[in-house]
Amino acid sequence: MSEVPALRLEGVRRVFEQGGTRLEVLKGVDLALAPGELVALVGPSGAGKSTLLHVAGLLESPTAGGVFVQGRDCGRMGDDERTRIRRDSIGFVYQYHHLLPEFSALENVMLPRIIAGKSRAEARDTARALLADLGLSARESHRPARLSGGEQQRVAIARALANGPAVLLADEPTGNLDSRTADTVFAELVDFARRRKLAALIATHNDQLARRMDRVLHLADGVVS
């Protein structure tokens, strides 16, 4: 029996309508990511990469087509079940870290575990282990303003992985960093995903970074090739 994809999009279309204008951003996207497979998503600005990631991550509903996470048809789920899938099975990393400024690095990573119903002690243990894995043990008590850009993004990666997701979605995760820091952070992200056997879909403009992935998908004119 073939392995069930960690993430599958089937005939996904996304149409936006405003003031009588109709814009079809996704025109029937099909893709599948196997567990442990790292895939780069490349395409010009405005091609719809962020929209595709939002649909794949259950942040937006497709106009048509299906989204399946570990074989589960998310289009047939109610809002509560979709929220649980998004919380427990999908991790997100964005270009901007979106860390909560009033909380320490450790507390930022603890939050997803606490929201998932874990005790503070368990959330703290998980967060400390993730930050240590990313070389940030000495920085766990620091608030985001006291961290470098690369450190902030490492904390955001740890936060995305706090609930042990099966799928990692990243939207230009190093786009806000200088080239040297971007290279280091991207390498750490890829290494982390490989060691944890995550299926990862990472949007990037950087062709050199994209070539480190197992496969590259191109999004243009609303379709993936």
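The values are calculated or read from the model by the stated rules, or taken from the named source; none is laboratory data. Since this is a predicted model, take the numbers as computed values, not measurements. Don't worry about glycine lacking a Cβ; one is built from the backbone with ideal geometry, like all the others, and counts go over all protein chains shown. Keep in mind that these areas ignore ligands, DNA and RNA; they rest on the heavy atoms of the full protein, side chains included. Shrake-Rupley method; radii C 1.70, N 1.55, O 1.52, S 1.80 Å.
Roughly speaking, what % of Cα-Cα pairs in the stretch 22-141 are separated by over 26 Å, rounded to a whole number?
On the way: 2559 of 7140 pairs.
Everything past 26 Å amounts to 36 percent.
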Lysines with Cα under 18 Å of residue 27, excluding same-chain neighbours fewer than 8 positions away: 49
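So how many Å³ per residue does the convex hull of the Cα atoms of the chain work out to?
140
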Mean accessible surface per residue for the stretch 23-180, computed with a 1.4 Å probe while every protein chain stays in place, in Å²: 44
Exposure of residue 85 as accessible area (Å², to 10), given a probe of 1.4 Å and all protein chains: 10
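Would you work out the charge dipole size for the stretch 81-209 about its Cα centre, treating the Cβ of every Lys and Arg as +1 and the Cβ of every Asp and Glu as -1, and quote it to the nearest 20 debye? Each step should come with its number before you reach the end.
Numbers: 19 positive and 16 negative charges, 106 e Å.
It works out to roughly 520 debye.
Taking all protein chains together and a probe of 1.4 Å, list 13, 76 from the most accessible to the least accessible. Before the final figure, lay out each step's value.
Working: 13 70, 76 200 Å².
Final ranking, largest accessible area leading: 76, 13.
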Rounded, prolate or oblate (a/c below 1.5 giving rounded, otherwise prolate when a/b exceeds b/c) for the stretch 1-79 by Cα gyration tensor: oblate
Whether the stretch 145-225 is rounded, prolate or oblate, judged on the alpha carbon gyration tensor where a/c under 1.5 counts as rounded: oblate
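Carbon and sulfur atoms: what percent of the 1.4 Å accessible area of the chain do they account for?
With neighbouring chains kept in place, the figure for the chain is 47 percent.
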Proximal aspartates and glutamates relative to residue 197, as straight alpha-carbon distance under 15 Å, when same-chain residues fewer than 8 apart are discounted: 3, 37, 188, 214
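With charges only on Cβ, +1 for K and R and -1 for D and E, what is the dipole size of the chain about its Cα centre, in debye, rounded to 20? Let's see the in-between values first.
Numbers: 30 positive and 28 negative charges, 81 e Å.
Dipole size: approximately 400 debye.
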Selection from 162, 189, 218 lying farthest towards where the dipole of the stretch 140-225 points positive, charges on Cβ: 162
